[in-house]
1. Could you say whether any residue in region 17-32 is closer than 20 Å to GLN93 by Cβ, open to solvent by less than 30 Å² (accessible area, probe 1.4 Å) and part of a loop (DSSP other than H, G, I, E, B)?
2. Give the residues of region 47-95 that are aromatic (Phe, Trp, Tyr) and assigned to a loop (DSSP other than H, G, I, E, B), sorted by residue number.
3. Within region 185-199, identify whether any single residue is assigned to a helix (DSSP H, G or I) and either free of Cβ contacts under 8 Å to residues at least 40 places away in the same chain or among the charged types (D, E, K, R) (or both), and answer yes or no.
4. Have a look at ARG280, ARG233 and point out the one that is in contact with a strand residue (DSSP E or B) (Cβ under 9 Å, 6 or more places away or on another chain) and part of a helix (DSSP H, G or I).
5. Given the conditions (1) modelled with pLDDT of 95 or more; (2) in contact with a helix residue (DSSP H, G or I) (Cβ under 7 Å, 6 or more places away or on another chain); (3) open to solvent by 60 Å² or more (accessible area, probe 1.4 Å), report the number of the one that PRO74 does not fulfil.
6. Among what's in region 1-43 and is acidic (Asp, Glu) and away from the ligand (no atom under 15 Å from the Cβ), pick the residue that is nearest to LEU99 (Cα to Cα).
7. Consider ASP268 against the criteria (1) over 21 Å from TRP203 (Cα atoms); (2) open to solvent by 20 Å² or more (accessible area, probe 1.4 Å): it satisfies all of them except one. Which criterion is unmet?
8. Could you tell me which residue of region 150-172 is surrounded by the most Cβ atoms within 10 Å (Cβ to Cβ), considering only residues that are among the aliphatic types (A, V, I, L, M) and within 16 Å of ASN259 (Cβ to Cβ)?
Amino acid sequence: MRVTWDIFCRVIDNFGDIGVTWRLAKQLQDEHHFTVRLWVDNLSAFQAICPAVKVDIEQQLIAGVEVRWWRDTPGAIAQSSCADVVIEAFACQLPDAYLSLMKAKQRVLWLNLEYLTAESWAAGCHALPSMQGGGLQKYFFFPGFTEDTGGLLREAKLLERRATFLSSEHWRQDFLASIGVCPQAGERLISLFAYANQALPSWLDALSKDSVRNRLLILQGPLQQSTAAWLGRDCLEVGQCYQQGRLTVQVLPYIRQENFDQLLWSCDVNVVRGEDSFVRAQWAGKTLLWHIYPQQDNAHLVKLEAFFALYSNLLGDEARNALRQLWFAWNNQQDMAAAWQGFIQHEKALQNHADYWLEQQKKQADLATKLACFYQNWL
Ligand code: TRH
């Protein structure tokens, strides 16, 4: 009998919660041969990243994963069975009806999958149990960048697929053409996926006055409107190119999550945000600019600082300072002119460093594998 896993996901906002749990569910099913159910409270958000999803359907099978609509009415849950392993993603609070099933079963591994952070306390808390009501224990599983954490999501074939893609300029051109992008020779290609940011106009200014031509590919999100304002327009049309000095701006259609990596592989610089695109950009091995999810009281800046320290540890002082200026100007929503100039001067070193970081990170087992091992050891 196959081991069963239930993953619970509440979509707080945007696509990160569903983005991460969907990847994890597929990987546990595909590569570790578990029977996986993914309970999601917002099927519309899921459909946005995976068009095969139908909204308002209780139960559907997608890519081998049973997708269940998680509603607050207890009926469907009470009538289902409790899995062998239960993942509560990002402390989403399991429904009472399901907790009752767990208490009745008793022999169940209960894991809370935490948000990704490079802060050192996360490794200290990784895999610690905490006693809950009804005689159940819950373990806290922290993804991370070091051996003593739960690792990062990475499919077994991801880096092989990337290497094949990058082995021929054909693949890149074909992919870009499929999303309506035809870059010109010598252009710097930049993807932009970020939260609303007052630093944007100053960065667009810098890109438009650059010594090389830039093509900025804007993903669906809040920056389209501010870019339109910068260009003196009411709105931007998807697929249309807009020119200002040395900058060409193009708004992309929504990219399916399964094609998202190819976009990151195709670009020279990737501006990413949140958690899932941030991790994928690291596996792309291209220079990245991370817009961290803003939190109250600037708690996110502590997280940013922790990741920056780890990521930039082995960079030379000057390149390190340039990267620091870029990341912090962007996240503090400050003027980007000097930061972009600094970045350009160290672009090559920063690109080499992105390769190096990928090589280091891939030595670590991935999150799904670490979860599967944790389960084996727990048995
Ligand atoms: O969307 P995000 O900002 O998500 C999150 C959530 O807001 C969450 O609540 C928060 O806690 C977390 O950030 C830190 O960014 P993220 O994590 O990068 O997820 C975006 C997903 O959307 C990712 O899987 C890629 C996908 N995506 C596509 O597949 N195609 C697209 O065209 C776009 C724009 C995104």
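1. So far as region 17-32 goes, no, none of its residues is closer than 20 Å to GLN93 by Cβ, open to solvent by less than 30 Å² (accessible area, probe 1.4 Å) and part of a loop (DSSP other than H, G, I, E, B).
2. TRP70, PHE90
3. So the first thing to find is which residues in region 185-199 are assigned to a helix (DSSP H, G or I), and the list is none.
The answer is no, given that none of the residues of region 185-199 is assigned to a helix (DSSP H, G or I) and either free of Cβ contacts under 8 Å to residues at least 40 places away in the same chain or among the charged types (D, E, K, R) (or both).
4. ARG280
5. Evaluating PRO74 over (1) modelled with pLDDT of 95 or more; (2) in contact with a helix residue (DSSP H, G or I) (Cβ under 7 Å, 6 or more places away or on another chain); (3) open to solvent by 60 Å² or more (accessible area, probe 1.4 Å) leaves (1) as the failure.
6. Filtering region 1-43 for residues that are acidic (Asp, Glu) and away from the ligand (no atom under 15 Å from the Cβ), the one nearest to LEU99 (Cα to Cα) comes out as ASP6.
7. Every condition holds for ASP268 apart from (1).
8. Of everything passing the filter in region 150-172, LEU158 is surrounded by the most Cβ atoms within 10 Å (Cβ to Cβ).
The values are calculated or read from the model by the stated rules, or taken from the named source; none is laboratory data. Given the structure is predicted, the values throughout are model-derived calculations rather than measurements. For neighbour counting, all protein chains shown are included, and Cβ atoms are generated from backbone atoms with ideal geometry for every residue, glycine included. Accessible surface is based on the protein model in full, side chains and every heavy atom, while ligands, DNA and RNA are left aside. Shrake-Rupley method; radii C 1.70, N 1.55, O 1.52, S 1.80 Å.
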